[in-house]
Amino acid sequence: MNPLSSLRLPIIQAPMASGATNPPLVAAVCEAGALGSLGAAMTAPAALREVVAAIREKTARPFNINLFVLRPFTPDPAQVARAWAHLQPLRQRFSLPDAPPPTRFGEDFAAQFETLVELRVPVASFTFDILTAQEIERLHGAGSFVIGTATSAEEARAWEAVGADAVVVQGSEAGGHRGSFAHDFEAGMVGTLALVPQVVDAVRLPVIAAGGIMDGRGIAAALALGAGCAQMGSVFLRTTESGIATAWKDALGKAADTSTRVSRNYTGRPARGIDNALRRALEPFAADLPPLPVQSALTAEIRAAAARANEAEYLTLWAGQAAGMARVESTREVMTRLERELREALAGLGARRIA
């Protein structure tokens, strides 16, 4: 069964990590007739069991759990040491202790995946790399609907070939990490308006449009391009349920259309966020920073200290290019507004005639 076909609203709340998504937010979206998603990339298996149980306590509707596909690799110790040295002035700024770099850089994807199969979640989505056909078969055996992430038609076809049920098409406007895996991220920096119809024509899978969609007009545009749903993230970041730091929410309220940059300085993987001092401080060393999840682990204490101090300049302020349109609302209010705006946009399109 395709849970997307049973949605009352063609909206998927993006599975943002970094604490942005949580059971109250996910459940509120589901209860409004859309698909709520939890970004669980940084969640250990035991905690993943707890958070899925918490979602199920709040809603009986389908929901999505998202993981980063990060295969094991051995980082270069010399590169790690250099990156750690570059961070010492920032660590001193927040009075963090003089210490060696961490030796554990993130969660074990294999263990997370096994837990996801065990939990038999309604929808499982993935980004950063592609699953094998065998892994998708295991998820199907557990009753999960599988969604991949693509930044090009080539990547969408690759997900189709391994048996995915749908694909999120991530336009260059999207906030957070870029999902490219079949080519360098620059090749995948195609705008939503250009990318979605090309992917719709390239695959038979249901296509989910993502990137720069913040209101009913954007959802209507995605549907007009052939997408079945619109995935929206930044619109939920300022909600009362959102788990992000107050400084991050405040920065979103001040964001303009030119405020974001795509950089790998924060985590080691290209990601779009509001530009700040942390990115600029690391820019001279950008070419030599270790990949995700290593750089993310190295900067974690700095970002946590910045959150405690409510200093936006040293956080990762993930945000899409239209994030300045986000409002301070409850998730229920956001969903009610989006539904009204979508109806108005579709009615307006139907009433127009070419002169």
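The values are calculated or read from the model by the stated rules, or taken from the named source; none is laboratory data. None of these values were measured; they are calculated from a predicted model. Note that we place each Cβ from the backbone using ideal geometry, even for glycine, and neighbour counts take in every protein chain shown. Note: accessible area is taken over every heavy atom of the protein model, side chains too, but ligands, DNA and RNA are not part of it. Shrake-Rupley method; radii C 1.70, N 1.55, O 1.52, S 1.80 Å.
Some values worked out for this structure:
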quantity: Verdict on Val123 being farther than 21 Å from Ile302 by Cβ, open to solvent by less than 40 Å² (accessible area, probe 1.4 Å) and of a type in the set (A, V, I, L, M, F, W, C); calculated: yes
quantity: Number of positions in region 12-32 that are assigned to a loop (DSSP other than H, G, I, E, B) and open to solvent by less than 10 Å² (accessible area, probe 1.4 Å); calculated: 1
quantity: Output for region 193-211, where each listed residue is out of contact with any helix residue (DSSP H, G or I) (no Cβ under 6 Å at 6 or more places or on another chain), buried (at least 24 other Cβ atoms within 10 Å of the Cβ) and in contact (Cβ under 8 Å) with a residue 40 or more places away in the chain; calculated: Leu195, Ile208, Ala210
quantity: Filter result for Ser330 (open to solvent by less than 20 Å² (accessible area, probe 1.4 Å), of a type outside the set (Phe, Trp, Tyr) and modelled with pLDDT of 95 or more); calculated: no
quantity: Subset of region 305-346 that is small (Gly, Ala, Ser) and farther than 15 Å from Leu252 by Cβ - its residue that is nearest to the chain's Cα centre (by Cα); calculated: Ser330
quantity: Residue match in region 185-193 (condition: assigned to a loop (DSSP other than H, G, I, E, B), under 19 Å from the mean Cα position of the chain (by Cα) and farther than 18 Å from Ala14 by Cα); calculated: yes
quantity: Sole residue being open to solvent by 50 Å² or more (accessible area, probe 1.4 Å), within 15 Å of Leu205 (Cβ to Cβ), of a type outside the set (Gly, Ala, Ser) and part of a helix (DSSP H, G or I), chosen from Glu154, Glu160; calculated: Glu154
quantity: Hey, Thr239 open to solvent by 50 Å² or more (accessible area, probe 1.4 Å), within 14 Å of Arg327 (Cα to Cα) and of a type in the set (S, T, N, Q) or not; calculated: no
quantity: Residue tally, condition of a type outside the set (A, V, I, L, M) and touching a Pro at 6+ places or on another chain (Cβ under 6 Å), over region 137-183; calculated: 2
quantity: So Val146, is it farther than 18 Å from Arg71 by Cβ, of a type in the set (Val, Ile, Thr) and either open to solvent by 60 Å² or more (accessible area, probe 1.4 Å) or within 21 Å of the chain's Cα centre (by Cα) (or both); calculated: no
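Rundown of residues vs (1) at pLDDT 95 or above; (2) of a type in the set (Lys, Arg); (3) in a helix (DSSP H, G or I); (4) open to solvent by less than 50 Å² (accessible area, probe 1.4 Å), yes/no style:
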site: Pro290; (1), (2), (3), (4): yes, no, no, yes
site: Ser296; (1), (2), (3), (4): yes, no, yes, yes
site: Ala300; (1), (2), (3), (4): yes, no, yes, yes
site: Ala306; (1), (2), (3), (4): yes, no, yes, yes
site: Glu313; (1), (2), (3), (4): yes, no, yes, no
site: Gly320; (1), (2), (3), (4): yes, no, no, yes
site: Val334; (1), (2), (3), (4): yes, no, yes, yes
site: Glu339; (1), (2), (3), (4): yes, no, yes, yes
site: Arg343; (1), (2), (3), (4): yes, yes, yes, no
